[in-house]
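Everything below concerns the one structure shown next.
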Amino acid sequence: MNLIVHHLNHSRSQRLLWLLEELELPCEIRFYERNKATMLAPPELKKVHPLGKSPVLEDGPLKLVETGAICEYLVDKTGRLGPTDPGEGLRNYRQFMHYAEGSVMPNLLLMLAMSKVPLIGKVAVKKVQPMVDVHLDYVEQVLASRPWFAGKAMTAADIMMSFPLEAAVSRAGLGPSRPATMAWLKKIHARPAYQAALKKGGEYAYA
């Protein structure tokens, strides 16, 4: 595979670099920097894909966006880091592969957007926090019942869940009151592949 990753600093694309390290797949990383004033992606990314977002994975003539879709593509292609249990493990895996971006991240992004609004922003953030807490409590319940999101083994679902939970530590009050989640974060941060991806990816505020 001749893989190219279009990688934006401080972003979801760090998960893809981690996945590639876990799968032991070499890749070329093309780096893009956020605008320091607005924290938006640079316009150069629109030359890669019309959405102007990261990550983008190129595999020969194929070009993919959306982290979840990219993860599923690489899991299918390598046969690794998918669910090992065809029953409940498969259902858990599918759920959390989509839950990360479909349920958790929208609330965190709303909190971030509201926090930047003068005066009224603090009030809005307080109203969004209970919605975020529902998800953080649910995640805590899951991780208190099993070591990984899909079951007994780490899968790509854990990689997908890493970014929203890392972001929740800095944006949404995730901390010691949810010990199972914090223990899970500590566990993934200690993985050699995670550490190798950090060295390759550059600036990442959420590790």
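The values are calculated or read from the model by the stated rules, or taken from the named source; none is laboratory data. Only a predicted model underlies this, so the values are computations on that prediction, with no experimental measurement involved. Don't worry about glycine lacking a Cβ; one is built from the backbone with ideal geometry, like all the others, and counts go over all protein chains shown. Just so you know, the surface numbers come from the protein's heavy atoms only, side chains and all, with ligands and any DNA or RNA stripped out. Shrake-Rupley method; radii C 1.70, N 1.55, O 1.52, S 1.80 Å.
The table below gives the values:
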item	result
Accessible area expressed per residue, the chain, with surrounding protein chains retained (probe 1.4 Å, Å²)	51
Net dipole in debye of the chain [+1 Lys, Arg Cβ; -1 Asp, Glu Cβ; about Cα centre; nearest 20]	600
Net dipole in debye of region 20-127 [+1 Lys, Arg Cβ; -1 Asp, Glu Cβ; about Cα centre; nearest 20]	880
Carbon and sulfur %, accessible surface of the chain computed with the full protein complex present, 1.4 Å	59
Sum of -39500 (n - 2.57) over DSSP H runs of 4+, divided by residues of the chain (222 nm, nearest 500)	-17000 deg cm²/dmol
Under 22 Å from the Cα of residue 127 - lysines, other chains or at least 8 residues apart	116
Pairs beyond 31 Å (Cα-Cα), from 46/77; 53/200; 47/152; 77/199; 122/199	47/152; 122/199
Inter-part distance where region 106-159 and region 33-61 are each reduced to a Cα centre, Å	25
Calculated semi-axes √(5λ) of the Cα gyration tensor in Å (choose from (1) 26, 24, 14; (2) 29, 19, 15; (3) 23, 20, 19), label	(1)
Kyte-Doolittle mean at least 0.5 and Cα axial length at least 18 Å: DSSP H helices in the chain	156-171
Rounded to 5, percent antiparallel among DSSP beta bridges of the chain	55
